[in-house]
Structure formats: C-alpha cells, structure tokens
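Below is one structure, written out as structure tokens; the observations come after it.
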Amino acid sequence: MLTNLKFRANLLILGMLAYSLFSFIPFLWSISTSLKKQSEVFNDSLIPEALNVDAYITVFTKIQPNFFTLFLNSLFIATVVVILQTSLAAIAGYAFARLNFPGRDVMFYLVLGTMMIPDQLRLVPIYQVLVKLQLITDGPMNYAGIFLIKAVSAASIFLMRQYFLTLPRELEDAARIDGCSPFKIFYKIMLPNAKPVIATVVILTFQGNWNDLFWPSIILQTPNHWTLPFGILQFKGQFSTDWPPIMALVVLSTLPVLFLYIFLQKYIINMQLSSSLKG
Amino acid sequence: MLSRKSLIVGVVALALVTPFATPANAAQTVVTLATWGSSPAETEALNDAIATFEVRNPTIDVQQVVHNDHGAQMIAKFASKTPPDVFYLDAGIAQDWAAQGILEDLTKYVNASNFSLTAFNKSYLAPFKTGSALYGLPKDANPLVLEGNKTLMARAGIKTLPTTIAQFDSAAKLLLAKKITPMCVDADINRLGAYFYSFGGSIATGTKSGLNSAGTKAALTWALTNYKTGAFKTPAQLSAGWAGEAFGKELCAFTMEGAWLDPYLRDAFPKVAASMIKGQLPAAKSAGSLAFTAAYAIGKDSTNKDAAWAFIQYMTGARGMGVWTSYGVAIPSRSDVAIPVGYEVNGQAAKAKTTVTTPSFVGWNKVIDAFNNETKKQVQDKNMNVAKAVASIISKTSAAFPK
Amino acid sequence: MSALTDFEAARHLSEKRARIRRESITGWSFIAVPMLLLLFLNIGIFIYAIYISSQDWGIMGSKGGVGFENYRTAFADPIFLKAVRNSILYAAIVVPLQTCLGLFLALLVNSKVRGAKFFRATFYFPSIASSAAITTLFIFLMAPDGLFNRFLTLIGVDVPGLFNSGAWLSDSRTALYSIIGLNAWTTSGTMMLFYLANLQTINESYVEAASIDGASKRQVFWYITMPLLKPAHFFVISTGVIGAVQLYDQAILAGGADGSPDYSLMTMVLYIYNLCFRQLQFGYAAAIGVLLFVIIFGLTLMQRKIFGSRAWSAED
C-alpha cells in the first residue's frame, strides 16, 4: 500500500495539514485568550467560556495615547522603511551581482561584516549620534532617526545579490550590446524579473519593523510617536501580565502582516522569466 | 486719520499675535521625570502625588516618561549628556551610577533649602551616600514580610503564622502532609538573603563577602534543605512568573514579599487578598528582614536642576511621601509619615533589629548574578547534596565580590 | 590599410575603457548611499568599539587605557567562555534544523500538490508573530503545568519523574534546547521564503530534460535542484549562523538578564548587554563584541571553504 502513489500523496497532504494546524495553534491560542476573562486565562481551554470582547474594548479605549495613533505610526514607519530598504537593497544588490567596479568584493565583505555587529553594542553610540543630529526630539524629525537606522539592511542587500546572481546573463547581454546604460538595464530588465525577491524583502522588512521594539523604544520620544509594540508593554506590569488585552493586540497586529503576505504570495511564486529565454 | 483698511489690518494682526503673547507669570518650567514601568496602583499613586505637587507649584510642569528598560535607556541618555531632570534611582545600582560621575550631589540643595534629613530612616539613606556626597533621597521603603493564606493554613490545621524557624518547619511538615506547597520563594539572593542576617550572618560587610560566616552557612543550609524537601518551591517550579502570582493562585500557603503584593492581589486575586495575613519573617537567632528602597535623583547634566530639586523636596517630604504611600505600594522611609492602614506589619519589619537594606556597592549586580545562577542550578537537582551545594554557592558568590 | 585598423583598434580600446570607467562609476554610485550609511552607523561604530575595548570605559568615557587587558580577562572569564559555548552550540544545532525544515517546506509548497497556496500561508505562520509574543506564549506552554507537559502526560510520560520535572525552560539542562526547538520552528517559515524565491529561477526545462533522460526524482533533486540552489543555501546558512550566534531576545525573555540558571541561557550578546547595563563595563563589553565579530567572521570564512568560493560569486 505504501507504494501506491495516490496513498502517499494523500498521506503527504495529511502530514502537511497536521503541521499547518500545529503552526496555527499559537495564533488560535491568542485569539482564544483575547476572548477570555483574565481569570479564565490559565484554564487551558481552547474555547473560552463565553465570548468576551472586553479585551478588545480595553485595547481601543485604554491604550495610550490611543490605538489608532499606534497603528498609524506603525504603518507609517514600516511603509517608509520598506520603501527605503527595498530600493537601496535592490540597487546595491544588483551592483554587487552584475557590475564590475574596483573594490566591489571588498565592499561586499564589509556589508556582510556589518551583520556581525550586534545592535546591543551599537545602542549607546547610535543614541549619541542621533542626539547630535537633533533627531531625539518630540517633533516629527524623530521619525527620521528610525529611518536613518533602518534604511540600509545588509541582509536585504545580501539577499538581493544572491538572487540577481541566479538570473541568466543572457537577460542583460542583449541590452548591453544595444548600449543601454546600467541603470536602464537595472530598471527595465532586472527589476521586472526580480519580483519574487522584492516581494520577499518587502514582507520580511515590513514584518520585522512592524514588530520591532528595540530601536523604537530607544529612539521614539513621545507617546504620539509610539508604535503597536508599545501597546503590548502597557499591559505588562512589573509583576502581573494582563493577558487578554495583550492577546487582543497581538491578534490585531498580526492581521495586517498576514494580509500583506497573502497579497504578495502571487509575486513570490510562479513568475515566468521573460519569454526571450525560452527555446 | 487711520483708514478703515489699516484699522482692519491692525486688528487682524493683533488677533493673530495675541495667542503667542503669553503673560509673563505663565512661563512654565518643564521637569522631565523618568521612571520604570510598574503596576496600575503605582501609576495611580504617582500621578496623584504629582498632581498635588503641581497644585502647590504652578510654575512647574512635570512630564513623566516611562522607560521599558530603565537602566539601558537612562545610560544612553547619560552618555549623550541629555539625562532627564529627575529619575528613579534603584538602590542596587546607585553606587555604580554614582561612581560613574553622572549623578548630581544633592548636598548643596539640601543645605540651601534647610531640608532636614533627620526624619529619614538612616539605613535607607545609606545606599545613596558616598563619602560626604548624597546622590538621592529615598522615596519609600519596602521590607520583606511573611504572607500567609488563611484558607490553606486552616486546611493543614495551622492557626497562626510561624514566627520562628522551628515553627515554620513544623508548619511546613503539616502542609506537605496535605500536599500543599508551604512556601513559594525564588532562589534569589534578594529573598533568601533576608535569612542570612537573622541567622547571625550577613550578605556583605562593606564590599567584602559575608557569606563565609557560620550564620550565613546555617541560613543557606536551612533554605536548601527546604528546597530539597519541597518546603520551598521556586515560582518556575509552580509555573508562575513570580512568587506573588503563585500565592495568588493558591499554589502555596506562604510567601515573602513586600508591600507591592497587596495592591497586586487586590487587583488580580481578590479572594486571596481577603484571606491573607501578614507577619514577620520566621526568626532564627533574631527577627529581621531585607528591605528595598529607591530614590529620586538628579543628573549632573540635567537641565532644570532647581525645579527638579523642588520636586524631590516635595516627594520625599512628609506631605508628598504621604500621598505616594497612601496607595499602599510601599511604606514611608521617613518616621514622620504615618504607616498606611493595613501595613503595620511592614512597618514593624522595617524597625526590626536585623533588618537591613539590600547591599549597595560597585559591582553588587555581579554578585547577585553569581548567587542566583549557582543557587538555581543547585535547587533544580533532585539529588542535591545540601552541604556540597551550600559550599559551592558560597565559593562562587564570594568569588564575584569586587577584589 | 593597417593604419586605419590601428586607428579603429585604438578607438575600440578607448571606447572599452570608457565603458569600463562608466561601469565603475555606475557601480560605485549604486552602492554609495548604502555604504555611506553603513560606514557611519555600523563600521565606524565598530572601529570605535575596537578603540573602546582597549580602555576602561565608563558611561562618560574613558577612564584610562588598558591595552589588551579586557581580552585577557575574557579568556579567563568562565561566564564568557560559557556564553561562547552556548552561542556556538545553539547555532550548530538550530541552523541545520531550520535550514532543512525551510527547504523541505519550500519544496512541498513549490510542488504541484493540492492546496499549495493554503499551505504557503500556514507554513509561514510561525514566522509572522512578533518574537516577544511567541516567546511569552512559549514560556506559558512549556511551564511545568503547561500544555506541553499535559500532552506528555497524556501519552504516558511521567512528567514529575523526569530529571527536570517538566521545567523545560527554567532547568539549566534543557533551557537552551527548548529555545532551539522554538526558534528552529519559527525561523523555518522565513527560510522557506528564501528557498521559494530561488526555486522560481530554476528553469523547468532542466528538470524536464533530466526526467526525459531517465533520471529518478531523487537524482533530479540531488544533481540538479540542489546545486542550482547554491546561492540560496549559502544565504540561508550564512545568515542563519550570523543570526543564531547573536541570540538575545529569547534568552533574555526566558532567563532574564543574568542568563540563569547556571548561565545556561547566557549568550554572547546577552553578556554584552549585561556588561553594559548591569555592570557598566563598556570596555570589556566592547572587547566581547570584537571577539564575537571575529568568531562569526571565522565561521563565515569556514562556510566559504566548505561551499567553495564559487558559491560566493555563483557564476553558473
């Protein structure tokens, strides 16, 4: 029976479903806890006794300064960082992969090297730099502090480079012979064929920034600039953790990332390379 | 003769400019206050105290900043010479920060305002003093006391809280027989250390290790034996985040915490709050406890030092401290402020003969880490050899003291 | 005649030189902005850190030079040595796990299996939640009376009789391994994404041609797919190692800033944090940062040797 292809296929699907369920359990748990009362939280029952939306009401009414400010700040910061990081990474990644210029490999090693320096070590010096640049302020320039820190991601550059390396040289050769400038080659040929990696970088960057607390907690100065993770902190007292609102916030925070991922799926998969290569 | 046009222009101009022309006495000094995150009760208490301060000082506006990682964020601000005007200073790290030269010596402000320090309990001032300099004024105090759950005690036939080590041991036996965990306490020097003194030993004398004394050895032996027999259990072993949570969930009959436990229980576990009784920690050779405190301090590079001092003077003065402690999150560090109702036991603990404040010297945190790491490792071993464990803990912790 | 050819040859040469120069300028202009930012915010600070590591550095600056003292201290410090051991052990186990899992999931999802779209979303799910949220949940589930132990009891395991009494995260013998389990699982979704992106560039015709030639599925996989995935392998494994050695979030959430118990959760980055903010020894912390860099760099160079330098430039 094990050699029966159909049986094996179905077994595989069953396995994948089981794993999916397993992967989903934390999220299910979060939803379930967000609908419970604080006293029920430790009952380990997946289904709450009664659907209780108090946690959501708390999130919308009691969070400082208010839920929509946190949400909009998160959205604003994540979007700008995604645009900055993706564009810079794509251009640099292409240059490292396909352009020849003196010092290219040394520069790439340097880029890689920056991934080996932990954030905790940079914390104090970066804060000092930002203070000198007057970005530690209550005004709108405060956001620029975060953009400055996050604009370049060595990992994104690395990812883009590896991807561009796999694209066939034939793609550009035709354009090169025609005398196209490198930037035009990049824009007209490489980018359209880079949709999978761009989608990947977008989703990873967005998600990383959406959930990030480390740099925002150091850089953002006033509650008006706070992002969603600050909201979770507010229900974490020194001693007690108010679980239902935290889980409500987690559920609400996860949804945008999930939607973005689902939306970008079609770009990650099944992109046909330009037809000029076939045959 | 003014034309109508220029009159209108003049009026409009005046209307535009007026909102910006503030009268001279509305000039406000903004004092930034940085605190660590805490419970809703503490937040309420602090806001209330600040409000009463601002009423009495209309030219000062206090802006509160809550740090989610107070230590790290304060250090970043110190290093860039932009510290807040006033901030919480934890006793455990006060000497380290003072040694870095980033704190303002408050002595000249104290003298200039004739602010009397006699009402302060001397041991709460000590962590913030170096030589003749004073770097902070203690805003409250929190000695550890023994809390008991009357319901669980009754189940084992225990009528009163144990007051001596011997009584505790027999109470523990009765509770274990009924399968109730007697005491939940973390293997932390900031809890177990309370017994070192009552057994006649110490944690530290100055900056030297006091762990090699017979008293400390006896205390540690008693504590570790309890962990082995199950009379003590750590919060992790009871699946709780901290001992207070385990106590609130009725997973243990006793615990040892400070005044912060009371508002926490009232909020999260009201039933247990109602059946809780408090007493002194079980006494060995003498009664005693460990007390925690924190101070308000000013940074050397802070901008509004005079206004900051006005704030500190109020909050550590009788009136301000009274408002802050009335919410029951801590007891006063001054003798001229009444102990809030229901905290008489905490007040007594503060006065007991061998009650000391937690040690405070440069490098204290390293000692804490060494003790906690080694003790937790020993305690998790089911086959722990108590004598060997005690020796190992003492040697590893003593090695972490500053040379 | 030859004069004309010489002239043309010279013109071609100068054209070529102009093209090369143009490409150099373009190349540099493409990387200019990122490199400048990295220079200021990363490389510059690291060089500053190297300087700090030669000093006794307090909050307000240097308190005197100490040469290599900080490095000597590190090699004699049992906590540092344990942190190195923890970080490397963790990376050595978690990277192969998350890589294999990520590759396996990517292959599954890339195949023509039914419902691939659905599985693409669910397999990625563990990576979506914020690390703080998932770790807190994990601590809750792995507690002595948490769901995991209940499940174990259900299948007949005597949990209280276990050597760690079911305290997976708070026992020094199992804490690090529990975190390995958690992180391998949550990172697998991200690794799956990387492999997926690379799988898209593998030309179907290669696979078809090989199958027609009689190659079995297994042969196709090992001799065609795997080699073509080299850029992804290299990326996944090297960034995996770089990230794993710098474990911090879960360590501090589960063990606290002191890495307890028995320093089983003290990683190198956590030790840097501890030294900076609990012990105020910035010079020593900087030295450890430098050593961390050297270790990671060394591990990356090792991978280069193993994968061959062609994987770096991956000119297929």
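The values are calculated or read from the model by the stated rules, or taken from the named source; none is laboratory data. This structure is a prediction, so every number in the text was calculated from the model and none was measured. Cβ atoms come from the backbone with ideal geometry, glycine included; neighbour counts cover every protein chain shown. The area values use the complete protein model at the heavy-atom level, side chains included, leaving out ligands, DNA and RNA. Shrake-Rupley method; radii C 1.70, N 1.55, O 1.52, S 1.80 Å.
The residues of the range B:219-255 that are out of contact with any strand residue (DSSP E or B) (no Cβ under 7 Å at 6 or more places or on another chain), open to solvent by less than 40 Å² (accessible area, probe 1.4 Å) and in a helix (DSSP H, G or I), listed by number, are B:A219, B:L220, B:W222, B:L224, B:Y227, B:A236, B:E245, B:G248. Checked against the criterion of being within 14 Å of chain B (Cβ to nearest Cβ), of a type in the set (S, T, Y) and either surrounded by fewer than 20 Cβ atoms within 10 Å (Cβ to Cβ) or out of contact with any helix residue (DSSP H, G or I) (no Cβ under 9 Å at 6 or more places or on another chain) (or both), the range A:120-138 has at least one qualifying residue. When the strands (runs of 3 or more DSSP E) confined to the range B:48-161 are screened for residues that are away from chain A (no Cβ under 14 Å) and open to solvent by less than 10 Å² (accessible area, probe 1.4 Å), those reaching at least 2 such residues are found at B:86-90, B:145-149.
Residues of the range C:100-121 include none that is among the hydroxyl-bearing types (S, T, Y) and part of a helix (DSSP H, G or I).
If you check C:Y248 against the conditions, is it open to solvent by 40 Å² or more (accessible area, probe 1.4 Å) and either at the interface with another protein chain (Cβ under 8 Å from one of its Cβ atoms) or without any contact (Cβ under 8 Å) to a residue 24 or more places away in the chain (or both)? Let's see the steps before the verdict.
Numbers: open to solvent by 40 Å² or more (accessible area, probe 1.4 Å): no; either at the interface with another protein chain (Cβ under 8 Å from one of its Cβ atoms) or without any contact (Cβ under 8 Å) to a residue 24 or more places away in the chain (or both): yes.
Criteria not met by C:Y248.
Total residues in the range B:329-349 satisfying the condition of being under 22 Å from B:L117 (Cα atoms), aliphatic (A, V, I, L, M) and crowded, with 24+ Cβ neighbours inside 10 Å: the figure is 3.
Taking the conditions exactly as written (touching a Pro at 6+ places or on another chain (Cβ under 9 Å), within 19 Å of A:Y109 (Cβ to Cβ), in contact (Cβ under 8 Å) with a residue 60 or more places away in the chain and not basic (K, R)), does C:Q303 satisfy them or not?
Numbers: touching a Pro at 6+ places or on another chain (Cβ under 9 Å): no; within 19 Å of A:Y109 (Cβ to Cβ): yes; in contact (Cβ under 8 Å) with a residue 60 or more places away in the chain: yes; not basic (K, R): yes.
For C:Q303, the condition - touching a Pro at 6+ places or on another chain (Cβ under 9 Å), within 19 Å of A:Y109 (Cβ to Cβ), in contact (Cβ under 8 Å) with a residue 60 or more places away in the chain and not basic (K, R) - is not met.
All conditions in (1) within 14 Å of chain B (Cβ to nearest Cβ); (2) among the charged types (D, E, K, R); (3) under 19 Å from the mean Cα position of the chain (by Cα) hold for C:D258, with the sole exception of (3). Being of a type in the set (V, I, T), in contact with a Leu (Cβ under 9 Å, 6 or more places away or on another chain), at pLDDT below 95 and part of a helix (DSSP H, G or I) is the requirement here; does C:I25 meet it? No, not satisfied. For the range B:27-47, a residue qualifies if it is open to solvent by less than 20 Å² (accessible area, probe 1.4 Å) and more than 22 Å from the chain's Cα centre (by Cα), and exactly one does: B:V31.
Looking at A:N52, A:N100 in this structure, which one is at pLDDT below 90, at the interface with chain C (Cβ under 8 Å from one of its Cβ atoms) and surrounded by fewer than 18 Cβ atoms within 10 Å (Cβ to Cβ)? Sole residue among the options that is at pLDDT below 90, at the interface with chain C (Cβ under 8 Å from one of its Cβ atoms) and surrounded by fewer than 18 Cβ atoms within 10 Å (Cβ to Cβ): A:N100. You will find that of C:Y71, C:Y90, the residue that is surrounded by fewer than 18 Cβ atoms within 10 Å (Cβ to Cβ) and touching a residue at least 40 places away in the same chain (Cβ under 8 Å) is C:Y71 and no other. Within the range B:162-187, being aliphatic (A, V, I, L, M) and either out of contact with any Ser or Thr (no Cβ under 7 Å at 6 or more places or on another chain) or not in a loop (DSSP other than H, G, I, E, B) (or both) holds for B:I165, B:A166, B:A171, B:A172, B:L174, B:L175, B:L176, B:A177, B:I180, B:M183.
Within the range C:23-64, restricting attention to residues that are more than 30 Å from the chain's Cα centre (by Cα) and open to solvent by 60 Å² or more (accessible area, probe 1.4 Å), the residue that is nearest to A:A154 (Cα to Cα) is C:I25.
Those helices (runs of 4 or more DSSP H) of the range A:139-234 in which at least 2 residues are under 28 Å from C:T190 (Cβ atoms) and either open to solvent by less than 20 Å² (accessible area, probe 1.4 Å) or within 8 Å of chain C (Cβ to nearest Cβ) (or both), considering only elements entirely within it, cover A:141-150, A:154-166, A:195-210, A:214-219, A:228-234. For the range C:195-206, the set of residues classified as closer than 19 Å to A:E170 by Cβ and surrounded by 13 or more Cβ atoms within 10 Å (Cβ to Cβ) consists of C:N198, C:Q200, C:T201, C:I202, C:N203, C:Y206, listed by residue number. Taking the range C:276-296 as the range and being surrounded by fewer than 24 Cβ atoms within 10 Å (Cβ to Cβ) and assigned to a helix (DSSP H, G or I) as the test, the residues that pass are C:V290, C:L291, C:F293, C:V294, C:I295.
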